[in-house]
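The values are calculated or read from the model by the stated rules, or taken from the named source; none is laboratory data. Here the structure is a predicted model, which is why all the values come from computation and not from measurement. These accessible areas exclude ligands, DNA and RNA; they are computed on the full protein's heavy atoms, side chains included. Shrake-Rupley method; radii C 1.70, N 1.55, O 1.52, S 1.80 Å.
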Amino acid sequence: MKNTRKHFPVLSQYIYANTASAGLLNDDLMEWRQEHDLDYLIGGSNFRNKVAAKLVSETREVVANFFGAKKENTALVQNFTLGLNMLVEGLDRSHKILLVKDDYPSLNWPFEYRGFDVSYVELCASLEESIRNKIQEQNISVLALSLVQWTNGIQISMNFLTDIKNKFPNLKIIADGTQFCGTSNFDFESSPLDVLGASAYKWLLSGYGNGFMLFKDGMEDVFAVKTIGYNASGHDMDARDKIPFANRFEPGHLDTLNFGSLKFSLEYLNSLGKATIENQLKLLSKKAKEEFGRLGLLSKNVLEREGHSTIFNIKGDNTLFEKLTENGVICSQRGEGIRLSFHFYNSEEDIDKVVKILKTAI
């Protein structure tokens with residue numbers, strides 16, 4: 001994967017350990033975006049009329065194929081937050097919801113704000129067992145959670161989700177994949193998830209303003225989504241009352257620059273190989289966990305779990321954050337610590353350099 005680094009100019013100046021905040025744009029994508037806007041500049045509506053419908057349809061197909069979903073059950077949304085709010089607005093308030101305490105606010109707030117009966121599990125080393133117990137004890141009908149937690153990188157076991165789906169087949173599982181999609185060779189249709197949504201500006205490297213929602217068959221019987229618009233009808237004046245479920249998440253015009261960027265990036269990731277990316281991230285995760293753990297910088301909750309993502313929240317104050325920043329490490333302060341996150345364009349040498357800085361500061 002070392003050859004990929006040359007496509008990301010930021011890496012020549014910094015140790016970029018901040019993909020959990022924003023993924024990088026590569027220079028080939030920048031060139032495509034420039035050509036797109038130049039064509040729009042000189043073509044105006046002619047360009048839009050010629051390109052829009054075809055490009056959006058192709059993007060939807062690429063998204064569906066990349067994640068193993070059905071094209072007709074794939075919706076393009078500007079970000080996960082909008083998609084989830086449209087979805088949850090159509091959920092009957094009689095459902096009992098299970099959330100992870102301190103999960104990403106844009107996942108938890110749509111349920112809390114609408115007055116659902118909500119229960120919580122603590123984000124701990126035994127997260128899966130806590131979820132299982134709550135579902136058994138409280139007759140939970142909807143589990144909503146991030147597949148990878150934004151603050152500390154704890155990743156839910158997909159095998160566990162499969163087990164509880166088999167045990168509780170009527171349970172609906174809604175997942176935020178914003179910190180997950182692009183890190184794993186994942187197939188939606190064979191997964192236990194009923195709904196998967198994500199913003200694509202992080203691990204999918206697509207820039208801002210694009211994301212998607214994936215649905216299993218039958219979700220129109222669970223969510224009475226009311227969103228509507230002319231674009232959702234396929235610009236058919238007679239189709240207002242026959243709009244397919246996934247199309248309801250696309251009520252207005254979709255931007256060809258942003259969604260074309262998503263298509264471009266997914267094709268780029270495909271060229272690298274999803275399995276190759278996943279293997280690289282497993283290597284980086286193992287090394288980072290060992291090195292940060294050896295320095296005593298990881299919480300017990302992370303150390304006691306068998307698997308982990310490439311997102312780590314290390315113990316450290318503002319002084320340590322400034323030390324890392326001064327030495328060219330781009331990272332984020334989250335909670336009471338410092339979040340470091342590594343993608344395939346990072347290397348083991350990057351982790352070694354971060355560890356060397358940390359040893360001089362702790």
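Some notes on this structure:
- Share, in percent, of DSSP beta bridges within the chain that are antiparallel, nearest 5: 50
- Once backbone amide H atoms are built at 1.01 Å from N, LEU297 has no partners under 5 Å, excluding neighbours fewer than 5 places away on the same chain.
- Accessible surface calculations at 1.4 Å, restricted to protein heavy atoms, place the range 219-362 at 49 Å² per residue.
- Across the range 321-330, rounded Karplus estimates of 3J(HN,Hα) from the backbone phi angles (6.51 cos²θ - 1.76 cosθ + 1.60, θ = phi - 60°) give 4, 5, 5, 4, 4, 4, 9, x, 9, 8 Hz, Gly and Pro being marked x.
- Within the range 82-211, antiparallel bridges make up roughly 10 percent of the DSSP beta bridges whose residues both belong there.
- Near LYS96, the amide H atoms lying under 5 Å from its own belong to SER141, VAL142; only residues 5 or more places off or on other chains count, and H is placed 1.01 Å from N.
- Considering all different alpha carbon pairs of the range 199-268, the Kirkwood hydrodynamic radius works out to 13.5 Å.
- Legend: residues PHE168, PHE212, sorted from most to least accessible area (1.4 Å probe; ligands, DNA and RNA excluded), read PHE168, PHE212.
- Carbon + sulfur, % of accessible area of the chain - ligands and nucleic acids excluded, 1.4 Å: 48
- Descending semi-axes in whole angstrom, ellipsoid equivalent of the range 59-171, from the Cα gyration tensor: 23, 18, 15
- Here's the list of aspartates and glutamates a cross-link from LYS359 could span, going by alpha-carbon distance under 20 Å and ignoring same-chain residues fewer than 8 apart: GLU290, GLU291, ASP317, GLU322, GLU326, GLU336, GLU348, GLU349, ASP350.
- Counting every C-alpha pair in the chain, the share spaced more than 31 angstrom apart comes to 37%.
- Backbone HN-Hα couplings from phi across the range 220-233 [Karplus 6.51/-1.76/1.60, Hz, Gly and Pro as x]: 5, 7, 9, 10, 8, 5, 9, 4, 8, x, 4, 4, 5, 7
- Phi to ³J(HN,Hα) by Karplus 6.51 cos²θ - 1.76 cosθ + 1.60 over the range 150-162, Hz, x for Gly, Pro: 5, 7, 10, x, 4, 10, 5, 6, 5, 4, 5, 4, 5
- Amide H contacts under 5 Å for VAL121: LEU99, VAL100, LYS101, restricted to partners 5 or more places along the chain or on a different chain, H placed in the peptide plane at 1.01 Å from N.
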